[in-house]
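Okay, so here's the structure we're looking at.
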Amino acid sequence: MQQYTDGKRVINATEKAFEVIYKKQGFRKYDELEQKGVRELKEIAKEKGLEGYSNLNKEELIKLLKGD
């Protein structure tokens, strides 16, 4: 089972249930990094020894931490 969120709730569902039911209701895959604040994301980047993160916004930090 995967976790999915609509921004308010987190649910556990199979991929098929997500595609058939929850996707239409605005759910998306739950990403733990999205739940963290910018300060916390910057701390994680620092712990990982990454560079160039100090002026990034939340979306850019998440991409950096995921390696995208």
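The values are calculated or read from the model by the stated rules, or taken from the named source; none is laboratory data. Predicted model only: the values in this text are computed from it and were never measured. For neighbour counting, all protein chains shown are included, and Cβ atoms are generated from backbone atoms with ideal geometry for every residue, glycine included. Surface accessibility is based on the protein's heavy atoms, side chains included, excluding ligands, DNA and RNA. Shrake-Rupley method; radii C 1.70, N 1.55, O 1.52, S 1.80 Å.
Within the set K16, K63, the sole residue that is modelled with pLDDT of 95 or more and among the basic types (K, R) turns out to be K16. In this structure, does R9 turn out to be modelled with pLDDT of 95 or more and loosely packed, with under 13 Cβ neighbours inside 10 Å? Answer is no for this residue.
Contact annotation: residue pairs with Cβ atoms under 9 Å, 6 or more positions apart or on different chains, pairing a residue in segment 21-37 that is hydrophobic (A, V, I, L, M, F, W, C) with a partner that is open to solvent by 100 Å² or more (accessible area, probe 1.4 Å) and not in a strand (DSSP E or B), are F27/R9; L33/K66. Would you confirm whether or not segment 6-16 contains a residue that is touching a residue at least 24 places away in the same chain (Cβ under 8 Å) and of a type in the set (V, I, T)? The answer is no; no qualifying residue exists. Out of all the residues in segment 25-57, which are charged (D, E, K, R), at pLDDT below 95 and assigned to a helix (DSSP H, G or I)? Result: E32, E34. Listed by first and then second residue, the pairs with beta-carbon distance under 6 Å, at least 6 apart or on different chains, first residue in segment 43-64 and closer than 13 Å to L33 by Cβ and acidic (D, E), second assigned to a helix (DSSP H, G or I) and open to solvent by 100 Å² or more (accessible area, probe 1.4 Å), form an empty list.
Take the residues in segment 17-37 that are among the hydrophobic types (A, V, I, L, M, F, W, C) and open to solvent by less than 60 Å² (accessible area, probe 1.4 Å); name whichever of them is nearest to the chain's Cα centre (by Cα). Here the residue is L33.
Of everything in segment 38-68 that is over 24 Å from R9 (Cα atoms) and basic (K, R), the residue that is surrounded by the most Cβ atoms within 10 Å (Cβ to Cβ) is K42.
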